[in-house]
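Colleague: Attaching a single structure in structure tokens format; questions to follow.
The values are calculated or read from the model by the stated rules, or taken from the named source; none is laboratory data. Just so you know, these numbers come straight off a predicted model, no measurement behind them. No Cβ is skipped: glycine too gets one built from the backbone with ideal geometry, and neighbour counts run over all protein chains shown. We work out accessible area using only protein heavy atoms, side chains counted, and drop any ligands, DNA or RNA first. Shrake-Rupley method; radii C 1.70, N 1.55, O 1.52, S 1.80 Å.
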Amino acid sequence: MSVQQSTGPQSTGTARIRIGSAPDSWGVWFPDDPQQVPWQRFLDEVSAAGYEWIELGPHGYLPTDPARLGDELAARGLRVSAGTVFEHLHRPDSWDDVWRQVGDVATLTAAMGGTHVVVIPDVWRDHKTGEAIEPRDLPEEGWTRLASGMDRLGRAVQEEYGLAIAFHPHADSHVGRPHEIERFLAATDPQYVPLCLDTGHVSYYGGDNLDLIRRFPERIGYLHLKQVDPAVIERVHAEDMPFPQAVQLGAMIEPPHGVPDLPPLLAEVERLGLDVFAIVEHDLYPCPPDVPLPIAQRTHRLIGSCGLRSLEIGRPRTTLAEEQA
């Protein structure tokens with residue numbers, strides 16, 4: 001299937017880039033973990049930093065009752081762009097398990113007025129030990145199951161929930177390196193499987209984000225904005241570190257101190273007339289609780305200074321505690 005026959009994400013002629021952030025930028029990887037900030041603090045601080053759009057993060061981290069979550073978001077001037085799920089559709093007989101997870105997340109996302117479910121492939125090695133639990137390279141039958149499964153998933157999410165999926169290439173997964181991303185695009189239906197282009201994960205393997213945007217604009221349905229530290233990445237690959245260890249070493253770095261350069265990417269999105277969410281997602285797990293907010297504030301100012309007409313980015317505001325004082 002040619003990636004040039006897209007009926008999926010398209011240029012509208014008028015670019016729109018809605019900037020947001022995510023629990024990941026506050027060091028949140030799990031629904032419940034004592035090393036993570038409480039969800040109330042995340043919501044307070046992401047709003048104070050100036051972001052108006054958020055992702056839900058791990059299902060169960062934020063309240064899952066739509067009425068309660070809706071009230072909490074409204075009190076802080078926040079809206080939801082997407083929920084997130086992990087998938088393993090390359091494995092036999094995996095549909096029911098994946099669809100069960102998608103149902104929970106898609107239901108809450110739709111109730112909150114979100115538009116996307118970001119779909120992340122499971123990793124091929126154990127995050128804690130680094131031990132391979134699957135072959136590094138996906139065999140042919142795995143590729144066939146993955147492509148057909150993602151087409152089915154994208155279609156089902158559209159039909160059942162009125163949402164779009166956005167497939168997220170990821171470090172330590174079978175779709176992370178540049179040739180794997182291109183193979184995935186060629187094997188899946190553009191109508192049902194847009195790409196979540198995570199600038200950090202593409203750069204993690206030396207990929208060219210700007211080139212991907214230019215060559216496959218019809219597949220760019222969603223963006224995650226982050227940078228990597230090239231020096232750290234070089235060590236990560238030399239020592240074959242698992243992704244969590246790379247994060248703890250500082251592989252993901254605060255903009256503008258890493259790569260890729262974000263303003264040119266956003267400028268190209270604008271030039272192509274794309275309508276996308278661009279969610280700041282700075283992997284920080286684990287981190288001290290006072291670290292995320294200053295980084296989020298500086299990153300908000302940096303992106304806001306790009307001067308692009310299509311950029312929709314909120315203004316910093318006080319926290320609820322300050323307002324009520």
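Colleague: Below 8 Å between Cα atoms, with a sequence gap of 6+, how large is the relative contact order for the chain in percent?
Modeller: Over the chain, the number comes to 29 percent.
Colleague: So if a site counts as exposed when it's one of the trypsin sites (Lys or Arg not before Pro), its DSSP state isn't H, G, I, E or B, and it has at most 12 other Cβ atoms within 10 Å, what's the longest stretch of the chain without one?
Modeller: Between the exposed loop sites, the longest stretch runs 137-308.
Colleague: Once phi is turned into ³J(HN,Hα) by the Karplus curve 6.51 cos²θ - 1.76 cosθ + 1.60 with θ = phi - 60°, what whole-Hz value does each residue of the stretch 200-210 show in order, with x for glycine and proline?
Modeller: Working through the residues one at a time gives x, 5, 5, 5, 3, 10, x, x, 9, 4, 4 Hz.
Colleague: Using the Karplus curve 6.51 cos²θ - 1.76 cosθ + 1.60 with θ = phi - 60°, work out ³J(HN,Hα) for each residue of the stretch 100-106 in order, rounded to whole Hz, and write x for Gly and Pro.
Modeller: 4, 5, 4, x, 4, 6, 5
Colleague: Ok, one more. Taking H as built 1.01 Å from N, whose amide H comes closer than 5 Å to the amide H of ARG79, not counting residues under 5 places away?
Modeller: Under 5 Å from the amide H of ARG79 lie the amide H atoms of TRP53, ILE54, each far enough along the sequence or on another chain.
Colleague: Just the accessible area per residue of the stretch 16-312, please: how many Å² with a 1.4 Å probe?
Modeller: On a per-residue basis, the stretch 16-312 sits at 39 Å².
Colleague: Also, quick follow-up: In deg cm²/dmol, rounded to 500, what helix-only [θ] at 222 nm does the chain give when every DSSP H run of at least 4 residues adds -39500 (n - 2.57) and the total is split over its residues?
Modeller: -11500 deg cm²/dmol
Colleague: Quick one: putting +1 on the C-beta of Lys and Arg, -1 on the C-beta of Asp and Glu, what dipole do you get for the chain around its Cα centre, in Debye to the nearest 20?
Modeller: In total the dipole reaches around 940 debye.
Colleague: Ok, one more. Starting from the amide H of VAL228, placed 1.01 Å from N in the peptide plane, find each other amide H under 5 Å away whose residue is 5 or more places distant or on another chain.
Modeller: ILE253, VAL259
Colleague: Apply the Karplus curve 6.51 cos²θ - 1.76 cosθ + 1.60, θ = phi - 60°, to the phi angles in the stretch 162-174 and return the couplings in whole Hz, x for Gly and Pro.
Modeller: Once θ is set to phi - 60°, the couplings for the stretch 162-174 become x, 10, 9, 8, 9, 7, 10, x, 9, 4, 6, 9, 7 Hz.
Colleague: Rule-of-thumb check for the stretch 77-119: C-alpha Rg over 2.2 N^0.38 Å?
Modeller: So the Cα radius of gyration is 1.28 times the expected 2.2 N^0.38 Å.
Colleague: Once the chain is represented by equal point scatterers at the alpha-carbon sites, with solvent omitted, what log10 I(q)/I(0) does the Debye formula produce at q = 0.07, 0.13 Å⁻¹?
Modeller: With no solvent term, the Cα-only Debye profile gives -0.25, -0.95.
Colleague: Measure off, as a whole percent, the carbon and sulfur share of the 1.4 Å-probe accessible area of the chain, all protein chains present.
Modeller: Exposed carbon and sulfur together represent 50 percent of the surface.
Colleague: Turning to a different aspect of this structure: Express as a percent, rounded to the nearest 5, the fraction of DSSP beta bridges in the chain (both residues included) that run antiparallel.
Modeller: Looking only at bridges with both residues in the chain, the antiparallel portion is about 15 percent.
Colleague: Provide, in order from the shortest bin, the percent of all Cα-Cα pairs of the stretch 26-151 in each 10 Å bin, continuing until the bin that contains the maximum pair distance.
Modeller: For the stretch 26-151, the binned pair fractions read 12, 36, 30, 18, 4 percent.
Colleague: A further question follows. Do any GluC sites (Glu not before Pro) in the stretch 67-143 lie in a DSSP loop with no more than 16 other beta carbon atoms within 10 Å, and if so, which?
Modeller: GLU131
Colleague: Additional query: Using modelled amide H (1.01 Å from N, peptide plane; none on Pro or chain starts), what sits under 5 Å from the amide H of GLU87, excluding residues fewer than 5 places away?
Modeller: Here ILE120, ASP122 satisfy the definition.
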